[in-house]
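My questions all concern the structure below.
Just so it is clear, none of the values below were taken in a lab; they were calculated from the coordinates. Bear in mind the structure is a predicted one, so any value in this text is a computation, not a measurement.
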Amino acid sequence: MLIPRGKALTALSRDYEAMVSAGMFTVSPPTFEAISHRLVTLQDEINNRTR
């Protein structure tokens, strides 16, 4: 699993938003939703290749 579910995903999202708000990136970062969508896509591709 590349991306957690439930409470773990919520906590990860909050942590990411805190990092963005704190200015930890030198360029404008992608949204958490964009990152998680990409990870879900990769996860599905990987799982489909192993079947």
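What percentages make up the Cα-Cα pair-distance distribution of the chain when the bins are 5 Å wide from 0?
4, 19, 24, 20, 16, 10, 4, 2, 0
Could I ask something else about it? Compute the helix-to-body angle for 32-49: its Cα long axis versus the longest principal axis of the chain, expressed 0 to 90° and rounded to tens.
20
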